[in-house]
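What follows is a short report on a single structure.
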Amino acid sequence: MNLDMFSNSQPADRLLTEAIQLLDQSIAETRTISHLLHPPLLDEAGFSSAAKWYLEGFAQRSGIEVKMDLPDNVGRMPKSIELGLFRVLQESLTNIHRHSGSSRADVALKVFPDKVILEVRDYGKGIPRELLENFRTKGISFGVGLAGIRERVRELGGDFDIQDKTPGNSISVTLPFAAKGEATDAAAD
C-alpha cells in the first residue's frame, strides 16, 4: 500500500512500477501456493472433489495429461485419511512432473468398507531398479518426497508401495478406516 501511495505521489518511474508489479505477482503466487497446500474444498467437500479440482489444475499447469478414475459417491472419510491421500497425490504428481519425463499420468481411487486405495501411475523413465529395490526391501530413501509419503502412510497405519511398470512407475497407498486411522484425526488437525 505504501508503494502504491508513493507511486501516486511521484512522477511515473519505471523501476517503481516494476517493483509494484513484482510485489503484486508475489502476493498472488503466495496465495496460490497457500490454497494448493490445503484447499478449502478438501474440508468442505472431501477428498474426491478436492482431488478432481487439483488434478485439473495440475494438468493445466504442467501440460501432463491426467486420466482420473475417482468415484463420485465416495462420501466423507476421516479427516486424517483425506488429508493423507491429498498429500500423497500432490507429492506423487510433483515427482512425475519433476523427474519422470512422462506426458501422462493415471490416478485411481478405490474405496472399500474397511480401506481406501490410491494409485498414481506415470509412463516416464522410471526409477532405476536398484534404487527401487533398496527402497522397497531395505527402506533406503532416495528422495525426501517418497520418504515423506512413506512416513505419512505409516502414521496412518497404511501400506505404501512403488512398482516398476516399464515404462514408468506406479505408487500405491492403502489406508485403513480402522480405529488406528480414525485415532490420528486429532493429530492431523
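No lab work stands behind these numbers, since they all come straight from the coordinates. All values reported here derive from a predicted model rather than from experimental measurement. Here Cβ is always computed from backbone atoms with ideal geometry, including for glycine, and neighbour counts include all displayed protein chains.
Brief remarks on what is shown
- Charge tally for Val120 (other residues, Cβ to Cβ under 10 Å; Lys, Arg +1; Asp, Glu -1): -3.
- Long-range Cα-Cα pairs in the chain (distance over 25 Å), rounded percent: 44 percent
- Cut-off under 5 Å, modelled amide H: who pairs with Val116 long-range: Leu175, Phe177
- Subset of Lys79/Lys138; Lys79/Lys125; Lys115/Lys165; Lys79/Lys165; Lys67/Lys115; Lys52/Lys165 violating a 26 Å alpha-carbon distance limit: Lys79/Lys138; Lys79/Lys125; Lys79/Lys165
- For the options Pro167, Pro40, Pro11, a Gaussian network treatment of the chain with springs between C-alpha atoms closer than 10 Å singles out Pro11 as fluctuating the most.
- For Val66, the residues 5 or more places off, or on other chains, whose built amide H falls under 5 Å of its own are Ala105.
- Partner aspartates and glutamates for Lys110 [C-alpha distance under 16 Å; skip if fewer than 8 residues away on the same chain]: Asp69, Asp72, Glu82, Glu119, Asp159, Asp161
- Among the trypsin sites (Lys or Arg not before Pro) in region 55-106, those placed in a DSSP loop whose Cβ has at most 14 other Cβ atoms within 10 Å are Arg76.
- When the charge dipole of the chain is built from unit charges on Cβ atoms (+1 for Lys and Arg, -1 for Asp and Glu) and taken about the Cα centre, the candidate among Ile64, Gly101, Val153 whose Cα reaches farthest toward its positive end is Gly101.
- Degrees separating the helix 14-37 axis from the principal Cα axis of the chain, which is the longest one: 20 degrees
- Converting phi to 3J(HN,Hα) with the Karplus coefficients 6.51, -1.76 and 1.60 and the offset θ = phi - 60°, region 119-133 yields 10, 10, 10, 10, 10, x, 6, x, 8, x, 3, 5, 5, 5, 5 Hz in sequence order, with x at every glycine or proline.
- Dipole check for the chain: with +1 at the C-beta of Lys and Arg, -1 at the C-beta of Asp and Glu, and the Cα centre as origin, the magnitude is about 580 Debye.
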